[in-house]
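**Student:** What follows is a structure written as structure tokens; I'll ask about it next.
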Amino acid sequence: MNTHKNFASAHWRKLAAAIAAGLLLSGCAMQPNGHGGVMVGLDTAELFGTPLSTFRLRDGTEGTLRKDPQGKFSIKLSQAFRVVPLANAITARVARVENVGERTVVIVETQERGCAYRYEVLAFQGTDVLQWTIGNCKDRPRVELAPDAKSLNIDFPNYNRLSRQIYTDSRLLNTSVPVPPGVDTRLVPFADDALRGAAPAVVNTPIGESAARVIPAPPAPATPAAPKATPRDTARRHGAPAKAAASSPAAISLPAPRTSAPAPMIFQADEIKPVVIDLRK
């Protein structure tokens, strides 16, 4: 009898240990330690934290933005142990998700101490992640996916120009471009919660009328001056004898100057190096 009880007790202890191990395994997370390695610890966000939002990657797997009991934010993929930490964020939300080329680009809007708007650009391909941190701390960017879905423009207002970050082919480029017609860099906010262009502000107009505040189009080019009259034309206008008009030197007809199409505008672009994270390690 005692042997049977001891066997049952040992069986239940093994079962409890296996369950505990499974719970601990599911609640483990790996984070970079800043020296090329990783730290393995208890994933308190998985066990006790709050999932804030979920997004789907191109391959059908899911990622989750979480907040742990200590108020720290991170992103974890459903098929990975390692997480993407948002170390300095005091608030965080997923603002935009787009499939660009071979990767899924996720833009997370965060707030840091002394910085109202900070953005994490995360490009996922399987468990490989590229991470950039951008923003000017005061504006939401306008984000526009190219028609061929191979690039993503992230525009911040910068006085009379736009500061543009271009994600394409696993790279993030930084450049400055002119403000397109109809875009007002003075609008507050510059973009809405979904990082699309905010509705133009309406200025005070007479009752029954409304007008959007936009940058006016550039003035039309000046009308070219009329060509000067030749001596022959002057003679004809004043009724001078034909002989006198003929003796005047004739105007030389020159071929019209050859016009060529304006050359495309090329802007200097610098590449912003990413933080590379392999969620398998």
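**Student:** Pulled fully out, how much extra length does the chain show between V179 and K138, if you take 0.36 nm times their separation in residues and subtract their Cα-Cα distance? Write down the numbers at each step before the final one.
**Tutor:** Numbers: separation 41, 0.36 × 41 = 14.76 nm, distance 1.85 nm.
Extra length available between V179 and K138 comes to 12.9 nm.
**Student:** What distance in nm separates the simple spin-label points at R196 and D270, each placed 7 Å from Cα in the Cβ direction?
**Tutor:** Modelled inter-label distance: 3.3 nm.
**Student:** Provide, as a two-decimal number, the C-alpha radius of gyration of segment 80-148 over 2.2 N^0.38 Å, N being how many residues it has. Could the numbers behind the result be given before it?
**Tutor:** Numbers: Rg = 12.7 Å, N = 69, 2.2 N^0.38 = 11.0 Å.
Expressed relative to 2.2 N^0.38 Å, the Cα Rg reads 1.15.
**Student:** Cross-link list K72/K150; K76/K138; K150/K273; K72/K281; K67/K281; K138/K281: which exceed 24 angstrom alpha carbon to alpha carbon?
**Tutor:** Details: K72/K150 33 Å; K76/K138 28 Å; K150/K273 19 Å; K72/K281 22 Å; K67/K281 22 Å; K138/K281 36 Å.
Check vs 24 Å cut-off fails for K72/K150; K76/K138; K138/K281.
Since every read-out is calculated from the coordinates, none of them should be taken as a lab result. Fair warning: this is a prediction, and the values are worked out from it, not measured in the lab. Every residue, glycine among them, receives a Cβ derived from its backbone with ideal geometry; neighbour counts consider all protein chains shown.
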